[in-house]
Amino acid sequence: MRRDIFQAIADPTRRAIITLIATQALTPNAIAENFHSTRQAVSKHLRILTECELVKQEQRGREIYYSLEVKKMKEIDTWLGQFRKLWETSFNQLDTLLLTMKKKKK
């Protein structure tokens, strides 16, 4: 079953995991140390993130390290970018309106 990346990042624990591994690859045990949940629960979150291709696994000796898949995060950013432009335009229009109203009061 192919999972939806937006459902994956909707979960606060998975977002926290993404934040943790954004700068360095970590083992599941190292990730689990940052949460008040079991190693198995963290592994389930990692499996979902891996299925969505938001994280990648790398075998180093006997350990598996998880790191962020930047290309997939860029896809999310691109999708959000269309809304960012709309919001910025709306905020700029609001700033202009407020500035005009402020000048009229004087």
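The values are calculated or read from the model by the stated rules, or taken from the named source; none is laboratory data. If you're wondering where the values come from, they're calculated on a predicted model, not measured in any experiment. Don't worry about glycine lacking a Cβ; one is built from the backbone with ideal geometry, like all the others, and counts go over all protein chains shown.
Okay, here's what the table says:
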quantity	calculated
Looking only at segment 57-106, and only at residues there that are closer than 19 Å to residue 10 by Cα and basic (Lys, Arg), the one that is surrounded by the most Cβ atoms within 10 Å (Cβ to Cβ)	72
Helices (runs of 4 or more DSSP H) contained entirely in segment 18-106, each with at least 1 residues that are outside the structural domain of residue 3 (by TED's automatic domain parsing) and within 22 Å of residue 5 (Cα to Cα)	70-105
So residue 44, is it over 24 Å from residue 8 (Cβ atoms) and either in contact (Cβ under 8 Å) with a residue 60 or more places away in the chain or within 21 Å of the chain's Cα centre (by Cα) (or both)	no
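Residues are listed down the side, and each one gets a yes or a no for (1) in contact with a His (Cβ under 6 Å, 6 or more places away or on another chain); (2) of a type in the set (Phe, Trp, Tyr); (3) modelled with pLDDT of 95 or more; (4) surrounded by 12 or more Cβ atoms within 10 Å (Cβ to Cβ):
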position	(1), (2), (3), (4)
16	no, no, yes, yes
23	no, no, no, no
26	no, no, yes, yes
36	no, no, no, no
40	no, no, no, no
45	no, no, yes, yes
51	no, no, no, yes
